[in-house]
Amino acid sequence: MSEGDAPGGYVRVLVSLEREPGGEGPEDEWLWAEPLGSGRYRLESTPFFAYGLSHGDVVRAAGEADLPRFDGVERKSGHRTLRVALDGDLDVDRPTVQRFLDELLTLGCSYEAMPPKIVALDMRPDVDVGEVVSRLQTQVHDGVLVWEWADPRPS
């Protein structure tokens, strides 16, 4: 699938990113979303860079139909978003990293990877937050990764 091909009738919603003036990095991130009508969209991907958004959130967006621009959150989904960056010579394709990510899947998380080092982690409302954070902190202690909350509040 090419970048422009939308899965399942989804569209890309463009989200402006918070940056320091003159800072490096992208100015925008686009997220796959299901059009709900009346300028509303349900996010179907997990943000890599945007804060305060999670999979399943219903958002408002305006502008061109094929790339509307995010305008606000209408309803939170109850999901939470964490960002993980791998340290040193590790990357998402390493078997040890894949085993760790598989453990998170068994806890009810899902993830999207941006090789070689970044993972956007989605936590459903029923996931034991303490258990996920404990496992992440063990990996931090072992020098495997660093992580941050991108959207810690489910509502």
Notebook entry, point to check: So, of the residues in region 13-57 that are at pLDDT 95 or above and basic (Lys, Arg), which turns out to be nearest to the chain's Cα centre (by Cα)?
Noted result: Arg42
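Looking only at region 38-59, which residues are under 20 Å from Ala150 (Cβ atoms), among the basic types (Lys, Arg) and out of contact with any Leu (no Cβ under 7 Å at 6 or more places or on another chain)? Steps first, answer last, please.
Initial filter on region 38-59 (under 20 Å from Ala150 (Cβ atoms)): 41-59.
With among the basic types (Lys, Arg) added as a condition, the list becomes 42.
Result: no residue meets the conditions.
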Margin query: Being open to solvent by 60 Å² or more (accessible area, probe 1.4 Å) and hydroxyl-bearing (Ser, Thr, Tyr): is that true of Ser16 here?
Written below: yes
Next item on the list: Within region 50-83, count every residue that is in contact (Cβ under 8 Å) with a residue 60 or more places away in the chain, more than 18 Å from Val132 (Cβ to Cβ) and either basic (Lys, Arg) or surrounded by 19 or more Cβ atoms within 10 Å (Cβ to Cβ) (or both).
Entry: 3
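Does Glu131 count as farther than 25 Å from Trp32 by Cβ and in contact with a helix residue (DSSP H, G or I) (Cβ under 8 Å, 6 or more places away or on another chain)? Working first, answer last.
Numbers: farther than 25 Å from Trp32 by Cβ: yes; in contact with a helix residue (DSSP H, G or I) (Cβ under 8 Å, 6 or more places away or on another chain): no.
The answer is no for Glu131.
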Check: Which one of these does Leu121 not meet: (1) over 27 Å from Tyr41 (Cβ atoms); (2) in contact with a strand residue (DSSP E or B) (Cβ under 6 Å, 6 or more places away or on another chain)?
Finding: (1)
Check: What is the number of the single condition among (1) surrounded by fewer than 14 Cβ atoms within 10 Å (Cβ to Cβ); (2) part of a strand (DSSP E or B) that Tyr111 does not meet?
Finding: (1)
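Each row is one residue, and each column tells you yes or no for (1) touching a Phe, Trp or Tyr at 6+ places or on another chain (Cβ under 9 Å); (2) within 27 Å of Val140 (Cβ to Cβ); (3) not polar (S, T, N, Q).
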| residue | (1), (2), (3) |
| --- | --- |
| Tyr10 | yes, no, yes |
| Glu20 | no, yes, yes |
| Gly25 | yes, yes, yes |
| Trp32 | yes, no, yes |
Check: Just for region 2-12: of the residues that are modelled with pLDDT of 80 or more and either under 20 Å from Leu121 (Cα atoms) or open to solvent by 50 Å² or more (accessible area, probe 1.4 Å) (or both), which one is nearest to the chain's Cα centre (by Cα)?
Finding: Arg12
Notebook entry, point to check: Looking only at region 116-133, which residues are more than 17 Å from Ser54 (Cα to Cα), open to solvent by 60 Å² or more (accessible area, probe 1.4 Å) and not charged (D, E, K, R)?
Noted result: Pro116
Next item on the list: Please work out if Glu148 is surrounded by 14 or more Cβ atoms within 10 Å (Cβ to Cβ) and touching a Lys or Arg at 6+ places or on another chain (Cβ under 6 Å).
Entry: no
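The values are calculated or read from the model by the stated rules, or taken from the named source; none is laboratory data. Remember, predicted model here, so these are calculated numbers, not experimental data. Cβ: placed from backbone, ideal geometry, glycine included. Neighbour counts: every protein chain shown. All accessible areas refer to the heavy atoms of the entire protein, side chains included, with ligands and DNA or RNA removed. Shrake-Rupley method; radii C 1.70, N 1.55, O 1.52, S 1.80 Å.
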